[in-house]
Amino acid sequence: MIPDDDPSRSLTVANPDDPGTTYVSLVGNMYAMLITGAQTDGRYCLIDMRVPDGGGPPPHRHDVEEMFTILEGEIEFTFRGEQHTVRAGSTINIPANAPHNFRNVSGAPARMLCMCTPAGQDEYFLRIGDVIAGPDAPPPQLSPGEQAERRRRAAELAPEYRSEFL
């Protein structure tokens, strides 16, 4: 049986230009939280990721499925040690628990949508990154000590978000 409709849940329209969108600077990337776990009852979150040339996270794994759709440019994904170049218009799924990372090595900015199932990465990024004013706001200029603090906080909170750095 399909459960009854839950009228306490509302329609969500995601627009990266919406003034209510939260933007986070994280390791040089800019992430716009388009749809949060709070809006989906924890089922998933959707993040608009803008990745500058050379940008991307370190190798990691987590108990979260990630699906990336490349909107602009190209991204090099390393999945279980094997590299895959994914270009605009393509979608890639990273299974939960698999070691992976991505890097923009294209020489130009790239943009992608990332859906995480279940949600939680949105909260994690908000706790370890820096909220910025908008998609064109420059990332904060962090001192070496501040950068070390961000890395320490990311590692400390990783288990809470079912993640680990490799």
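Any read-out appearing in this document is the output of simple, stated calculations on the displayed coordinates, not a laboratory observation. Because the structure is predicted, anything quoted here is derived from the model rather than measured. Reconstructed Cβ throughout: ideal geometry from the backbone, glycine too, with neighbour counts over all protein chains shown.
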Margin query: I'd like the full set of residues that are among the polar types (S, T, N, Q), in contact with a Gly (Cβ under 9 Å, 6 or more places away or on another chain) and not in a strand (DSSP E or B), limited to the stretch 49-108.
Written below: N104, S106
Notebook entry, point to check: In the stretch 98-121, is there at least one residue being surrounded by fewer than 20 Cβ atoms within 10 Å (Cβ to Cβ), over 17 Å from Y161 (Cβ atoms), touching a strand residue (DSSP E or B) at 6+ places or on another chain (Cβ under 8 Å) and among the aromatic types (F, W, Y)?
Noted result: no
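Rundown of residues vs (1) under 19 Å from R111 (Cβ atoms); (2) of a type in the set (S, T, N, Q), yes/no style:
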| residue | (1), (2) |
| --- | --- |
| P3 | no, no |
| S8 | no, yes |
| T12 | no, yes |
| P16 | yes, no |
| G20 | no, no |
| L26 | yes, no |
| M30 | yes, no |
| I35 | yes, no |
| G42 | no, no |
Notebook entry, point to check: Can you name every residue in the stretch 115-166 that is touching a His at 6+ places or on another chain (Cβ under 6 Å) and either among the charged types (D, E, K, R) or part of a helix (DSSP H, G or I) (or both)?
Noted result: R162
Next item on the list: Any chance you could count how many residues in the stretch 43-102 are more than 21 Å from L126 (Cβ to Cβ), among the hydroxyl-bearing types (S, T, Y) and touching a residue at least 12 places away in the same chain (Cβ under 8 Å)?
Entry: 4
Next item on the list: Report yes if some residue within the stretch 28-48 is under 11 Å from the mean Cα position of the chain (by Cα), in a loop (DSSP other than H, G, I, E, B) and under 25 Å from P159 (Cα atoms); otherwise report no.
Entry: no
